[in-house]
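The values are calculated or read from the model by the stated rules, or taken from the named source; none is laboratory data. Everything numeric here is computed off the predicted structure, so don't read it as measured data. Here the Cβ is made from the backbone with ideal geometry for all residues, glycine too, and neighbour counts use every protein chain on show.
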Amino acid sequence: MIPFFRKIRKKIADDNKPMKYMRYAIGEIILVVIGILIALQINNWNQQRKDHIKLRSNLIEIKASLENDLKLINASEATLDSYENSGTYLLNFLSDISVAVDSTQLKSSFLSAGLFIDFSLNSVPYEKLAKENILELIKNDSIITSLSNFYKKYDSEKLDIGSNQNQNLIDYRDYSTSFTDPFTIRNAFIFFLKENYGVNFEAYNSIKFSYDTMEVNWNKMKSDKKFQTILDKVIIGRWSNRMQFYQMKADISNLLKMLDMELEK
């Protein structure tokens, strides 16, 4: 093709027709420019296609992460119910409210009533999206704002850290040693976490524990109004955790709806 145009250009030049040569030269320049523009447009389309695939892949990853967070929250809520029921059972016993007293259940309740609820969201997929500047590819500003606000709101947030409930639980754990041997408390907690949640502490694998051998001074506990006040604060504080879970689930559900709408485009 190039030799063909060269022959035409040479013939025009040989014929000494400058105006015709000028028109030809301009036409050739226009063709080159059009070719460059077409190439740039094709490259732009390819880049847009790659960006769309990358954005879609990351949004799907965030959606899957949020769905998994919902499952973890539901599991944590079940654990929260268990801890709250334990605290209520123990408080009823200490307040002489009629309850069916089971020694093992009572000791188990004494231990689990003061356990922490430890939960945090998985923000890795969102951080990846933000780090690689993929967020700017989203045309819907409301999704960008909602994602940003959500992960700022729950940035490394754990439901017990920085709240009054955290101090209530610390007070409960510290005060528990007034009614039984501190080593018994330690061994009991290790046993409880291992048996109920599969938490394994290698350094304490040799520790043996049995509710039958666990001694608790129930009479002293019953007469200690300060401990009962601490326990009551712990139970009430569980509602703070519950409300945080409720709000978190509502926020996640709203985000999932927005992501579904974006992915359907």
Problem set entry | Test for residue 57: is it under 30 Å from residue 154 (Cβ atoms), surrounded by 13 or more Cβ atoms within 10 Å (Cβ to Cβ) and modelled with pLDDT of 80 or more | no
Exercise. Which condition number does residue 66 fail, the rest of (1) at pLDDT 90 or above; (2) surrounded by fewer than 15 Cβ atoms within 10 Å (Cβ to Cβ) being met?
Worked result: (2)
Problem set entry | Identity of the residue in the stretch 117-147, of a type in the set (Gly, Ala, Ser) and at pLDDT below 85, that ends up surrounded by the most Cβ atoms within 10 Å (Cβ to Cβ) | 130
For this session: Working only within the stretch 61-79, note down all residues that are of a type in the set (A, V, I, L, M) and either in contact with a Leu (Cβ under 6 Å, 6 or more places away or on another chain) or within 17 Å of residue 250 (Cβ to Cβ) (or both).
Result: 66, 70, 72, 73
For this session: Determine if the stretch 82-92 includes at least one residue that is surrounded by 14 or more Cβ atoms within 10 Å (Cβ to Cβ) and aliphatic (A, V, I, L, M).
Result: yes
Seminar exercise, completed: Out of (1) in contact (Cβ under 8 Å) with a residue 60 or more places away in the chain; (2) out of contact with any Pro (no Cβ under 8 Å at 6 or more places or on another chain); (3) not polar (S, T, N, Q), the one residue 62 does not meet is (2)
Problem set entry | For residue 69: the one exception among (1) free of Cβ contacts under 8 Å to residues at least 24 places away in the same chain; (2) within 19 Å of the chain's Cα centre (by Cα) | (1)
